[in-house]
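Inspection log for the structure reproduced underneath, given as structure tokens.
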Amino acid sequence: MTTKRIRNHELEELSLAALRFAMPPKWVIHDFRKDYGIDVQLEIFGTDGLATGLRCYGQLKATDNSTHDDVLSLDRDHFEYWGAHTDPVLLLRYYADAKRFFWCWLHDVAWSLKPDAQSLSVTKFLRPWDQGSSPKNVQDFLWRRSQAFTARQLPPFLVSVRGISTPMATLAEVADSSEDLANSSAFQFESDSLSTAIFEVTLLADGVVCSYLGLPGVIVEEMGEVSPDNIASTLLLLVFLTACRYDRILVARPLARNCFGAMLKAAGEKYFFPLIDSVVYAVGLKEAAKLFHEASESDIPTTGRALFPGVAYVAAQRYGEAEQWIAMLREELAESTVDAHRAATAYSLGNALSHKNLWKEALSMFKLAAEALPDYFNRAYFRHEYGAA
């Protein structure tokens, strides 16, 4: 048998085991060790056991050297690899004889690498890991970094209104109209090419494009009338739909609550489904239904009243609110006195119950719908669903 366990493998296992004792017991250590230059990920939990959302990576370097005569050089390729990560990287040097860790942040070291150097000696940057103070230093740095990173993503959210060939005066008018429609201190609209803007809205010759921090958003084409007020409401719709993709709580939710009427009008029939679906996602099914039922008739597209139950049903299934949808339909049916509305509500409830395999009750709802509006039996989709139940 020629297979032999080398010392480096032993040191690797020793350093990982020692790391679990060196770190606070509430922290989670995810073991990677895929030999790319990242060994672990540290997920920070508070002393109360609650998640902080903070994390960093760790590169373990174990040695039999003493702390006094140690030499550790790291190459340029690894510094570039570590620097490309979105989360910072800790260097954790483990001295096996002393059973101690020394550490530093690799970003604190990288700046010392000279342009023409291929490696850098890092031992002088290392400091002893103290179980009392070092974890707090790590957590404090990650918290400050998180605060700095998210500061530009806190209200007021800056929306830059741009135009390929649109006069600046028109852009300014659109920005002012948008701010008036938003009616919220959470948003600030500027007619400028501001690099610090969270959302960038560009007016094209045949539509409007919205992006979030340079990431893909939404485009609306064939806008029809292009008055500043019309563009402004379309602009809000695009910002809202884009925000649902990237920031549901802080951005999409206030827009849904403050600008629903304007966005509903801008959506028309073409964008009715994505708007209602996104509003359910942003504020929940019950509040979305309340916003819709309280909307002005002039803001709702011609077929909107008929389409809403179906769109809300699909959204309820998509976002885990099927039970809420059934409860709302039961309540609405109990209060309904108009035959057409009673029939539509019973039919929607029958559909929802069928989806939950509650066939007996679903059948009674379909029968109730047909009693309130006998014309249902002339509709092929109703006969199909009635027959299935």
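What the table shows:
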quantity	calculated
Antiparallel DSSP beta bridges within the chain, as percent of all bridges there, nearest 5	65 percent
Estimated inter-spin distance, Ala148 and Arg248, nm [label 7 Å along Cα→Cβ]	3.1 nm
Relative contact order (%) - the chain, alpha-carbon pairs under 8 angstrom, separation at least six	8 percent
Estimated inter-spin distance, Val28 and His355, nm [label 7 Å along Cα→Cβ]	3.1 nm
Estimated inter-spin distance, Arg127 and Ala380, nm [label 7 Å along Cα→Cβ]	7.6 nm
Residue (of Ala182, Ala117, Ile249) at the positive-pole extreme of the chain, dipole from beta-carbon charges	Ala117
Pairwise centroid distance, computed over Cα atoms, of the range 9-55 with the range 339-386, Å	56 Å
Dipole magnitude of the chain about its Cα centre (Cβ charges: Lys, Arg +1; Asp, Glu -1), debye to nearest 20	1420 debye
Cβ-Cβ FRET estimate between Glu335 and Glu287, R0 fixed at 25 Å, reported to 0.05	0.85
Mean Cβ neighbour count within 10 Å, used as a protection proxy, ranking 177-190, 288-301 highest first	177-190, 288-301
Entries in Lys26/Lys99; Lys61/Lys136; Lys286/Lys356; Lys265/Lys356; Lys265/Lys367 that, when Cα-Cα distance is taken, lie over 29 Å	Lys265/Lys356; Lys265/Lys367
Helix 134-150 vs. the chain, principal-axis angle (Cα, 0 to 90°, nearest 10)	40 degrees
With Cα atoms, 0 to 90° folded angle of helix 304-318 axis to the chain main axis	30 degrees
Theoretical FRET efficiency, 1/(1+(r/R0)^6), r = Cβ-Cβ of Asn137 and Ser184, R0 35 Å, to 0.05	0.35
Listed residue (Ala169, Leu204, Ala62) projecting farthest to the positive dipole end of the chain, Cβ model	Ala62
Efficiency of FRET between Asn230 and Thr196 - r from beta-carbon atoms, R0 25 angstrom, step 0.05	0.35
Reported label for calculated percent of Cα pairs over 38 Å apart given (i) 21; (ii) 48; (iii) 37	(ii)
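A short reminder: the numbers here are calculations on the coordinates, not readings from a lab. Remember, predicted model here, so these are calculated numbers, not experimental data. Counting neighbours? That spans all protein chains shown, and the Cβs are built from the backbone with ideal geometry, glycine included.
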